[in-house]
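Okay, so here's the structure we're looking at.
The values are calculated or read from the model by the stated rules, or taken from the named source; none is laboratory data. No experiment lies behind these values; they were computed from the predicted model shown. Heads up, the Cβs are rebuilt from the backbone with ideal geometry, glycines too, and the neighbour counts pull from every protein chain shown. For the accessible areas, the whole protein counts, side chains as well, though only heavy atoms, and no ligand, DNA or RNA atoms are used. Shrake-Rupley method; radii C 1.70, N 1.55, O 1.52, S 1.80 Å.
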Amino acid sequence: MAIGDVIKKYRKNKGMTQEEMAACLGITTPAVNKWERGNTLPDITLLAPIARLLDITTDELLSFKDELTDEEINQYISIVQKDLEDKSFHDVFISVKEKIEEYPNCEELIWQAAIILDAKRTAIELPNKENYDNTIFGWFERCLLSKNEQIRNRAADSLFHAYFRKEDYEKANQYLDYFSLENPERKRKEALVNSKTGKQAEAYRAYEELIFTGYQHMQMTLNDLRGLYMEDGNHEMAKKLVEVSSAAASTFDMGKYNEVCYGLEVAAWEKDVAWTAQLMQDILDGIETIGDFAKSKLYQHMALKAIESEFSVALKQKLLESFRGESFYYMQGNEYWEKLRSGVYSC
């Protein structure tokens with residue numbers, strides 16, 4: 001809000017006329033009128049007396065705010081997006097630049113405005129696009145100094161992609177330091193750079209590692225979610241998640257063992273004798289496939305070790321002992337389980 005509008009608002013709130021205000025300040029009525037119409041500004045020596053007269057602070061008089069609220073930022077960004085459709089890019093750019101100069105510490109505003117302008121100039125035919133680099137990239141650089149990790153990461157991501165588009169891969173690579181080593185996005189971006197700089201083998205390996213670890217994380221998440229549905233007694237969703245886990249194991253070449261092992265907990269929970277018996281048989285028959293992922297072309301650039309036969313033998317023994325345990329006593333009378341229990345089927 002302009003200072004003249006602030007003066008007018010608070011003067012009226014106090015029920016004061018322009019003449020009365022002018023008399024209190026020792027100035028002419030036309031001077032007050034010109035302030036409120038935006039034609040002139042008060043002398044700096046009058047700011048404190050005006051604020052005291054209107055019972056407000058000088059910050060309120062000058063409409064000073066260090067930050068905008070999230071709602072105010074969203075409203076402003078909506079205006080910018082509309083203006084980019086109706087006005088010239090340069091005019092909107094200048095307007096945004098002035099807004100950022102007004103709120104130089106509002107990092108969320110700076111990042112959102114920078115990302116919108118950067119995306120727009122990339123998407124349209126714009127002469128001398130690079131003329132805006134220093135300012136827009138400078139805004140991103142300012143956000144890299146933020147205490148907010150999310151803003152830092154988003155700014156680093158924007159700068160990475162900006163320099164990647166410009167094929168300045170060395171510069172793009174520098175911004176990966178803003179991502180933790182455990183962040184899969186860092187590895188994916190490293191792979192992107194490697195694929196463009198003649199390091200094909202490293203790129204393939206990085207992508208395959210992302211697939212492999214992503215699969216493991218997904219299965220852990222599915223397992224936790226399945227357990228939650230079981231706690232809530234939701235049989236339909238528990239079985240659905242078994243299907244998803246099995247399909248994922250098949251899709252990512254994890255071997256027959258991993259395709260069939262996820263249903264046993266649910267089958268035992270439901271005390272489904274026929275399903276349990278089938279799963280037990282499939283699991284034991286599939287032991288030798290537990291390391292089949294090491295043979296998959298999906299992971300051909302990774303140094304995956306084959307599962308040793310001793311491990312398979314030991315695992316089979318542990319499974320047999322588990323299958324014969326009390327938790328599966330509901331299987332009594334089932335021909336397959338009775339043979340397992342009696343030792344007819346062994347390692």
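Which ones in region 299-309 are surrounded by fewer than 16 Cβ atoms within 10 Å (Cβ to Cβ) and at pLDDT 90 or above?
Taking region 299-309 as the starting set, the residues that turn out to be surrounded by fewer than 16 Cβ atoms within 10 Å (Cβ to Cβ) are 300, 303-306, 308-309.
Gln300, Ala303, Leu304, listed by residue number.
Confirm whether Glu288 is touching a helix residue (DSSP H, G or I) at 6+ places or on another chain (Cβ under 7 Å), modelled with pLDDT under 95, open to solvent by 30 Å² or more (accessible area, probe 1.4 Å) and assigned to a helix (DSSP H, G or I).
Yes, satisfied.
Yes/no matrix, rows are residues, columns are (1) open to solvent by 70 Å² or more (accessible area, probe 1.4 Å); (2) closer than 30 Å to Tyr257 by Cβ; (3) acidic (Asp, Glu); (4) part of a helix (DSSP H, G or I):
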{"residue": "Lys171", "(1), (2), (3), (4)": "no, no, no, yes"}
{"residue": "Leu192", "(1), (2), (3), (4)": "no, no, no, yes"}
{"residue": "Glu202", "(1), (2), (3), (4)": "yes, no, yes, yes"}
{"residue": "Glu209", "(1), (2), (3), (4)": "no, yes, yes, yes"}
{"residue": "Phe212", "(1), (2), (3), (4)": "no, yes, no, yes"}
{"residue": "Met220", "(1), (2), (3), (4)": "yes, yes, no, yes"}
{"residue": "Ser245", "(1), (2), (3), (4)": "no, yes, no, yes"}
1 or more residues farther than 18 Å from Ala2 by Cβ: qualifying helices (runs of 4 or more DSSP H) within region 36-137: 47-54, 70-86, 89-102, 107-123
Yes/no for Leu228 being out of contact with any His (no Cβ under 8 Å at 6 or more places or on another chain) and buried (at least 16 other Cβ atoms within 10 Å of the Cβ): no
Test result for Glu259, surrounded by fewer than 17 Cβ atoms within 10 Å (Cβ to Cβ), acidic (Asp, Glu) and either touching a helix residue (DSSP H, G or I) at 6+ places or on another chain (Cβ under 9 Å) or in a loop (DSSP other than H, G, I, E, B) (or both): no
Residues that are closer than 22 Å to Val266 by Cβ and open to solvent by 70 Å² or more (accessible area, probe 1.4 Å), drawn from region 310-332: Lys318, Glu321, Glu326, Ser327, Tyr329, Gln332
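Conditions tested, residue by residue: (1) open to solvent by less than 70 Å² (accessible area, probe 1.4 Å); (2) touching a Phe, Trp or Tyr at 6+ places or on another chain (Cβ under 7 Å); (3) under 28 Å from Lys8 (Cα atoms).
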{"site": "Glu85", "(1), (2), (3)": "no, no, no"}
{"site": "Val92", "(1), (2), (3)": "yes, no, no"}
{"site": "Glu98", "(1), (2), (3)": "no, no, yes"}
{"site": "Asn105", "(1), (2), (3)": "no, no, no"}
{"site": "Glu108", "(1), (2), (3)": "yes, no, no"}
{"site": "Gln112", "(1), (2), (3)": "yes, no, no"}
{"site": "Asp118", "(1), (2), (3)": "yes, no, no"}
